[in-house]
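Student: Submitted below is the structure of interest, expressed as structure tokens.
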Amino acid sequence: SSIKPIVIATWNVPNSTAEAWNVLKKGGNSLDAVEIGVQMEEADVSNQSVGKGGRPDRDGNVTLDACIMDSKGNCGAVVYMQNITHAISVARKVMEETPHVMLAGKGAEQFAYEQGFPKEKLLTEKSKTEWLEWKKESKYAPVINIENHDTIGMLAIDAEGDISGACTTSGMAYKMAGRVGDSPIIGSGLFVDNEIGGATATGQGEEIVKTVGSFLVVELMRQGRSPQEACEEAVNRIIKNEPDYENIQVGYIAINKNGETGGYCIHPGFSYRVFSEKGHENVDSRSYL
Ligand code: SD4
């Protein structure tokens, strides 16, 4: 007996999972659910790691990364995109309206305007003030402040049993200009295989990319691991490769075709939201440390 519909998301994002749940409960598909769900965080200026209000790069520019993947294996992504709040929806347009998977920078922005997205200023006064404060020392040490890490990755299974996922972020605060993380990279920040399940990631993107984390989690589930075991193995892979792991946070969440879920991270403090008929809860992820 599988649990469906169901939606899970990185971090404690009750509004986003509730929004996605509303789509699923009405019989909507998982692709719409994850898009509408993560849009909430993109529009929320109090979330300083996603969309509008996101922390800028070290030059003061807010640059967004996002990707989306559907149950048929289609995907779309935007990287290093400025001036557009809903990066996830541009990623979906890349998937549906172009022969490509990924658009970057000015090209992504230009495409977004052609698709009717409004130009918006993404740097809020709050994020600007904090950046100016940071600039006084300009200490380029992308130290993981685990509280800062609220990239949203979301996975959903609809009533038909079809799985989709979305991931969207403004990336690491005060990153180098042009830096792209894991979040828009299919297989790293997000991966969905409708036969098996899906996974998505948050935390220091470089480590996730180096281990192709979300693809790894899904492939481990294919080999018979539970979502929990698969997330643990993917984190262990980072621990093995990276002597500096105590200064790094990475978190994975996963769901399998039966609607079983799991999550694991390096440092305590990461949690994920689960919303199904059984209820709506914030689950504290188990951690390596
Ligand atoms: C990145 N994974 O760009 C993202 C960062 C993140 O909350 O998770 N921020 O590396």
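Student: Does LYS106 count as among the charged types (D, E, K, R) and closer than 18 Å to GLN39 by Cβ? Outline the logic, then answer.
Tutor: Working: among the charged types (D, E, K, R): yes; closer than 18 Å to GLN39 by Cβ: no.
No; evaluated as a whole, the condition is false for this residue.
Student: Now a separate question. Condition first: under 21 Å from ILE185 (Cα atoms), assigned to a helix (DSSP H, G or I) and modelled with pLDDT under 95. Now tell me which residues in segment 227-252 satisfy that.
Tutor: ASN241
Table: residues versus (1) closer than 26 Å to ASP57 by Cα; (2) surrounded by fewer than 24 Cβ atoms within 10 Å (Cβ to Cβ).
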| residue | (1), (2) |
| --- | --- |
| TYR174 | yes, yes |
| SER183 | yes, no |
| VAL209 | yes, yes |
| LEU220 | no, yes |
| ALA234 | no, no |
| ILE239 | no, yes |
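Student: So ALA230 clears everything in (1) away from the ligand (no atom under 15 Å from the Cβ); (2) buried (at least 24 other Cβ atoms within 10 Å of the Cβ); (3) without any contact (Cβ under 8 Å) to a residue 60 or more places away in the chain; (4) within 19 Å of GLY161 (Cα to Cα) except one condition, right? Which one?
Tutor: The single condition ALA230 does not satisfy is (4).
Student: Going by the conditions given, is GLY269 surrounded by fewer than 19 Cβ atoms within 10 Å (Cβ to Cβ) and modelled with pLDDT under 95? Don't jump to the end; show me each part of the working.
Tutor: Working: surrounded by fewer than 19 Cβ atoms within 10 Å (Cβ to Cβ): yes; modelled with pLDDT under 95: yes.
Yes: the conditions hold for GLY269.
Student: Of all residues in segment 15-62, which are modelled with pLDDT of 95 or more, hydrophobic (A, V, I, L, M, F, W, C) and assigned to a loop (DSSP other than H, G, I, E, B)?
Tutor: VAL62
Student: Next question, about the same structure. List the helices (runs of 4 or more DSSP H) inside segment 110-226, counting only whole elements, that have at least 1 residues being within 26 Å of CYS265 (Cα to Cα). It would help to see each step written out before you state the result.
Tutor: Details: elements: 125-137, 205-210, 213-222.
Of the helices (runs of 4 or more DSSP H) lying wholly inside segment 110-226, those with at least 1 residues that are within 26 Å of CYS265 (Cα to Cα) span 205-210, 213-222.
Student: Next question, about the same structure. Give the residues of segment 166-185 that are aliphatic (A, V, I, L, M) and more than 9 Å from the ligand (Cβ to nearest atom), sorted by residue number. Show your work before the answer.
Tutor: At the first step, the residues of segment 166-185 found to be aliphatic (A, V, I, L, M) are 166, 172-173, 176-177, 180, 185.
Scanning segment 166-185 gives ALA166, MET176, ALA177, ILE185.
One line per residue, one yes/no per condition, for (1) more than 19 Å from the chain's Cα centre (by Cα); (2) within 13 Å of TRP11 (Cα to Cα):
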position	(1), (2)
GLU233	yes, no
ASN241	yes, no
TYR252	no, yes
ILE255	no, no
ARG273	no, yes
LYS278	yes, no
ASP284	no, yes
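Student: Can you tell me which residue in segment 1-25 is surrounded by the fewest Cβ atoms within 10 Å (Cβ to Cβ), limited to those that are under 16 Å from the mean Cα position of the chain (by Cα) and closer than 14 Å to GLY198 by Cβ?
Tutor: Taking the candidates together, the pick is ILE8.
Student: Filter segment 139-165 for residues that are farther than 13 Å from ALA199 by Cβ, near the ligand (Cβ under 9 Å from one of its atoms) and at pLDDT 65 or above and give the result.
Tutor: Those that are farther than 13 Å from ALA199 by Cβ, near the ligand (Cβ under 9 Å from one of its atoms) and at pLDDT 65 or above: ASP150, THR151, ILE152.
Student: Filter segment 195-227 down to residues that are acidic (Asp, Glu) and within 16 Å of the ligand (Cβ to nearest atom), then give me how many there are.
Tutor: Step one: of segment 195-227, the residues acidic (Asp, Glu) are 195, 206-207, 219.
Pick out the ones that are also within 16 Å of the ligand (Cβ to nearest atom) and you get 206-207.
Total meeting the criteria: 2.
The values are calculated or read from the model by the stated rules, or taken from the named source; none is laboratory data. As the structure is a computational prediction, the values presented were derived from the model and not from experiment. Neighbour counts run over all protein chains shown; Cβ positions are idealised from the backbone, glycine included.
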